[in-house]
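A.B. asks: Shown below is the structure under consideration.
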Amino acid sequence: MISIGQMIGMILAIVIPVMTGIILFLHLRKELKVKGLLFTACYGIVGYIWQAWIYVMVYGWVGAMIMQSSWFETGIGDVVKQMIIAACYALLTAGGLYWAVYLANMRESRVERGISVGLGFGLAYSVWNYILVYGAPLIIGFQLWFGSYAGSEETKQRVLGLSTGNMYLFLLECILFMLILTATTLVMGQYHQQVSRLKMFGIAFISQFLIKFLNTLLPTILPDAVSMVVYHVLMISAALYSLWIIMSYLKTKQVNYLPDKPVGVKAGSKKKGKNTSTANFTYAGNKKKK
């Protein structure tokens, strides 16, 4: 018999990430008061879908090549393998984010559009990685609960063997990842206005590479329980920092990476411009027009 904890875990793993994304979007749209954010969020959804499909094919191709060499089974070879996989993932994810942010700002370049792109990308990530994973087991779980299940014993045992703890961990990871993505695309939106294409791509690549690399590397060098704790502590720290970036922007209408250090401004430079509105954004470091 399936447990109540498993049923609740599967329901929350589906509902909470989606509700978090929707609540964040509605709150940000209310605060930013910018039209078209829902449409630009669709760019993020599409951006995730195409990069996820390509990643599946690239992962299979790279994995087949790696399996042909026994060197990747050594200690150093295993680290290199994780780096290659993380680099492929980061390249495609950064490409999807870059493409989505670029298209969202084609007609009118606004920093806020990056936020909606990140939320759309994060929601698509939630659906792809968690809702589709737990959707079918949840249906089977209800069938088991009401005694109407007529499927195979193997499928039944697979559902009964699902870990409740993993469900809550996956739920947490999804929310943390959504916050990190939103802050990343917000910074990308700022770099897009500054026409810093390399920085725009680089910030996405570096953040996604570190997340993927640590996720695959830590279990190989640390005990499972320790690696899980270390990884989630790092993710929570990154998500809190991302939340600070987002809240700081809502308050000051500047994208800061440190207090009083707007993105794109070198340390020690003096602020000569003045922010008026996000539609007519004046960056710190720009000279006043006489």
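The values are calculated or read from the model by the stated rules, or taken from the named source; none is laboratory data. In this text the structure is predicted, and so the values were computed from the model without any measurement. Backbone-built Cβ (ideal geometry, glycine too); neighbour counts: all protein chains shown. Surface accessibility is based on the protein's heavy atoms, side chains included, excluding ligands, DNA and RNA. Shrake-Rupley method; radii C 1.70, N 1.55, O 1.52, S 1.80 Å.
A.B. asks: Please indicate, with yes or no, whether at least one residue in region 205-226 is in contact with a Leu (Cβ under 6 Å, 6 or more places away or on another chain), modelled with pLDDT of 85 or more and not acidic (Asp, Glu).
C.D. replies: So far as region 205-226 goes, no, none of its residues is in contact with a Leu (Cβ under 6 Å, 6 or more places away or on another chain), modelled with pLDDT of 85 or more and not acidic (Asp, Glu).
A.B. asks: Considering every residue within region 33-49, establish whether at least one is open to solvent by 30 Å² or more (accessible area, probe 1.4 Å), of a type in the set (Ser, Thr, Tyr), modelled with pLDDT under 85 and part of a helix (DSSP H, G or I). So that I can check it myself, show each step before the final result.
C.D. replies: First pass over region 33-49, keeping only residues open to solvent by 30 Å² or more (accessible area, probe 1.4 Å): 33, 35-36, 38-39, 42-43, 45-46, 49.
If we keep only those that are of a type in the set (Ser, Thr, Tyr) too, we end up with 43.
So of that shortlist, the ones also modelled with pLDDT under 85 come out as none.
Within region 33-49, not a single residue is open to solvent by 30 Å² or more (accessible area, probe 1.4 Å), of a type in the set (Ser, Thr, Tyr), modelled with pLDDT under 85 and part of a helix (DSSP H, G or I).
Let's see how each residue does on (1) touching a residue at least 40 places away in the same chain (Cβ under 8 Å); (2) touching a helix residue (DSSP H, G or I) at 6+ places or on another chain (Cβ under 6 Å); (3) of a type in the set (A, V, I, L, M, F, W, C):
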{"residue": "Trp99", "(1), (2), (3)": "yes, yes, yes"}
{"residue": "Arg113", "(1), (2), (3)": "yes, yes, no"}
{"residue": "Leu138", "(1), (2), (3)": "yes, yes, yes"}
{"residue": "Phe146", "(1), (2), (3)": "no, no, yes"}
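A.B. asks: As an exercise: evaluate Ala87 against (1) open to solvent by 60 Å² or more (accessible area, probe 1.4 Å); (2) in contact with a helix residue (DSSP H, G or I) (Cβ under 7 Å, 6 or more places away or on another chain); (3) hydrophobic (A, V, I, L, M, F, W, C); (4) modelled with pLDDT of 85 or more and give the number of the one condition it does not meet.
C.D. replies: (1)
A.B. asks: Of all residues in region 158-197 being assigned to a helix (DSSP H, G or I), among the aliphatic types (A, V, I, L, M) and over 20 Å from the mean Cα position of the chain (by Cα), which is nearest to Leu97 (Cα to Cα)?
C.D. replies: Among those residues, the one meeting the criterion is Val159.
A.B. asks: On to the next question. Any chance region 61-84 includes a residue that's in contact (Cβ under 8 Å) with a residue 24 or more places away in the chain and among the hydroxyl-bearing types (Ser, Thr, Tyr)? Before you say what the answer is, go through the steps one by one.
C.D. replies: From region 61-84, those in contact (Cβ under 8 Å) with a residue 24 or more places away in the chain are 62, 78-79, 82-83; that's our starting set.
Next cut, among the hydroxyl-bearing types (Ser, Thr, Tyr) only: none.
So far as region 61-84 goes, no, none of its residues is in contact (Cβ under 8 Å) with a residue 24 or more places away in the chain and among the hydroxyl-bearing types (Ser, Thr, Tyr).
A.B. asks: From the list Ile180, Ile131, Ile203, which one is β-branched (Val, Ile, Thr), in contact with a Ser or Thr (Cβ under 7 Å, 6 or more places away or on another chain) and open to solvent by less than 40 Å² (accessible area, probe 1.4 Å)?
C.D. replies: Of the residues listed, the single one that is β-branched (Val, Ile, Thr), in contact with a Ser or Thr (Cβ under 7 Å, 6 or more places away or on another chain) and open to solvent by less than 40 Å² (accessible area, probe 1.4 Å) is Ile180.
A.B. asks: From (1) within 20 Å of Ile115 (Cβ to Cβ); (2) in a helix (DSSP H, G or I), pick out the condition that doesn't hold for Pro219.
C.D. replies: So the condition that Pro219 fails would be (1).
A.B. asks: For region 60-84: of the residues being surrounded by 13 or more Cβ atoms within 10 Å (Cβ to Cβ) and among the charged types (D, E, K, R), which is modelled with the lowest pLDDT?
C.D. replies: Per the stated criteria, the residue is Asp78.
A.B. asks: State the number of residues belonging to region 208-253 that are open to solvent by less than 40 Å² (accessible area, probe 1.4 Å), of a type outside the set (Val, Ile, Thr) and without any contact (Cβ under 8 Å) to a residue 40 or more places away in the chain.
C.D. replies: Residues that pass the stated criteria total 4.
A.B. asks: Give Met1, Met57, Met7, Met19 a once-over and let me know the one that is surrounded by fewer than 18 Cβ atoms within 10 Å (Cβ to Cβ), hydrophobic (A, V, I, L, M, F, W, C) and not in a helix (DSSP H, G or I).
C.D. replies: Working: Met57 fails: not in a helix (DSSP H, G or I); Met7 fails: not in a helix (DSSP H, G or I); Met19 fails: not in a helix (DSSP H, G or I).
Criteria check complete, one pass: Met1.
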